[in-house]
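To keep things clear, I will list the structure first and then write my remarks on it.
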Amino acid sequence: MRLIHLTDAENRDSNVQFVGIASAPPPTRAAGGQAVLFRRYLAASDDGTHEALQKVHGDDYGKALLEGDPEVDIESVGRAIGATNTVYISASGEVLRVAPRIVEVLFGPDGVERERRDPVETPSNISDATPVRWGKVRLKRKDAVRRLAFTRTVQLVHVDGLTCQYLHGLAKQLDEADEMVLIGAGAAGRDPLVFQVNGVPWRGFLEGRVDGPRYQLLLRLSNLELKAPEAKA
Amino acid sequence: MAKNIVVAYAGAETSFALEKLERAKLYGYRRRIAVDADGRPCTRAALTEDGQVLLRTGMTAQGYFDPNGRQVETSALTAIDAAGNVLSLSPSTLGVAQALEGPVDPREVLDLAISSVYRLVPEGIAPDLAEELSAGHVFRAPFNYRPDYQREVAYLVQNDTGIFALVGVPAPPPWLGPDAPPPAEDTAADDAELDFEMF
């Protein structure tokens, strides 16, 4: 399990664990009442790709396919493909022997390219020496669900009796106020949460629930506001 | 063009045109591309672990196979639950009036594992429903964009900018107590985190 370094409203900090919330797995695909396996397989060899066939038989190679099955290499087609390694092919068709340069391209909401730059590496910021802090923004639950789409949730989990008490207290405080509090990373506690290197930056709201000695302290994560896209000009 | 979401509330039907809401449409997006020594974009390919086959675009396919290794046609596919019971196919709910339930507790929405978000444009909204939604109440209806073996749920919410449907499957979190074992880790969520196309 991974850790998050968290403070509460009184700046009491603690390192606690968190886990993703598992939703029920989708139904298993089957045929004739038996589960089936999904797998990737080799459908054409190097000589059977569109480009290769076009080169040998011309643009209209349909007749050649019907008459001679040139795209089918009996020795290799149908072979199951397991784990693979990514390789890059240069614009001239050569396999690169050294790692390519990576360029980051930014596009606007209209799909038009805005900028090209060297990639900016974003480190994780949830388990730094500087803890994730409670912000000033608090939303009633009924307002939060109408403003943001919370597409991911992680549950904060105690590691011992003291952290159980700590997390239960936070959950109780939020539950009684029926509020969710925005938490942020960085020195000012305003940065979005990044869970791993180059991960998605999230706005995180803590939500708490208690039932006697039991509690749920949930970090609701959103990167999508509920609002209409701007109309295209 | 997809059919509309049609809901029935207090004896009146309302039809909504739907448009998928995505981050890219609101904020734009970023993409990382690999370039060769001349600055021209590279294409990605895959090399099998034994190094024998270089898989370029168009060389692979995917499909379902039975335990004997025979490929199963998509039309012959069904689904079974965890106990091995064959499930029936739920039809698409689009274009078919679905009874709205609610108002519901906002905690239900928070416990939804959201798979899609739609912006809804009403085509003549029923007055009772308009009043309830503008008062901030949340409603629930069965939802399937296309026929599926899993039935999803849509929650309808309204704010100052419009009406939205949050679609997904319920994923209530477990309660934790002093003696409770830690909940199981959802490892699938870790994989979803690796997304280089977000700001």
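Below are the figures for this structure:
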| item | result |
| --- | --- |
| Pairs where the first residue, in the range A:187-199, is more than 10 Å from chain B (Cβ to nearest Cβ) and the second is assigned to a loop (DSSP other than H, G, I, E, B) and open to solvent by 10 Å² or more (accessible area, probe 1.4 Å), C-beta under 8 Å, 6+ apart | A:ALA187/A:THR130; A:ASP191/A:ASN125; A:LEU193/A:ASN125 |
| Qualifying residue in the range B:79-99 (condition: surrounded by 15 or more Cβ atoms within 10 Å (Cβ to Cβ), within 9 Å of chain A (Cβ to nearest Cβ) and outside any loop (DSSP other than H, G, I, E, B)) | yes |
| Members of the range A:147-167 that are more than 22 Å from A:VAL200 (Cβ to Cβ) and buried (at least 22 other Cβ atoms within 10 Å of the Cβ) | A:HIS158, A:LEU167 |
| Condition met for A:LEU37 (without any contact (Cβ under 8 Å) to a residue 24 or more places away in the chain, more than 10 Å from chain B (Cβ to nearest Cβ) and surrounded by 11 or more Cβ atoms within 10 Å (Cβ to Cβ)) | no |
| Enumeration of residues in the range B:134-167 that are part of a strand (DSSP E or B) and at the interface with chain A (Cβ under 8 Å from one of its Cβ atoms) | B:TYR155, B:VAL157, B:GLN158, B:ASN159, B:GLY162, B:PHE164, B:LEU166 |
| Near pairs, Cβ below 6 angstrom, 6+ apart or cross-chain, from the range A:158-173 (under 12 Å from A:GLN17 (Cβ atoms)) to any residue that is open to solvent by 40 Å² or more (accessible area, probe 1.4 Å) | A:VAL159/A:GLN17; A:CYS164/B:PRO178 |
| Cβ pairs under 7 Å, 6+ apart, first in the range A:1-25 and without any contact (Cβ under 8 Å) to a residue 24 or more places away in the chain, second surrounded by 15 or more Cβ atoms within 10 Å (Cβ to Cβ) | A:ALA22/B:ASP186; A:SER23/B:ALA113; A:SER23/B:VAL169; A:SER23/B:ALA171; A:ALA24/B:VAL169 |
| Selected residue (only one of A:ARG101, A:ARG116 is open to solvent by 70 Å² or more (accessible area, probe 1.4 Å) and at the interface with chain B (Cβ under 7 Å from one of its Cβ atoms)) | A:ARG101 |
| Pairs where the first residue, in the range B:47-75, is facing chain A (nearest Cβ under 7 Å) and the second is of a type in the set (Asp, Glu) and open to solvent by less than 40 Å² (accessible area, probe 1.4 Å), C-beta under 9 Å, 6+ apart | B:VAL72/B:ASP66 |
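The values are calculated or read from the model by the stated rules, or taken from the named source; none is laboratory data. The model shown is predicted, which means the values in this text are computed figures rather than measured ones. When we count neighbours, we look across all protein chains shown, and the Cβ atoms used for this are built from the backbone with ideal geometry, even at glycine. Surface accessibility is based on the protein's heavy atoms, side chains included, excluding ligands, DNA and RNA. Shrake-Rupley method; radii C 1.70, N 1.55, O 1.52, S 1.80 Å.
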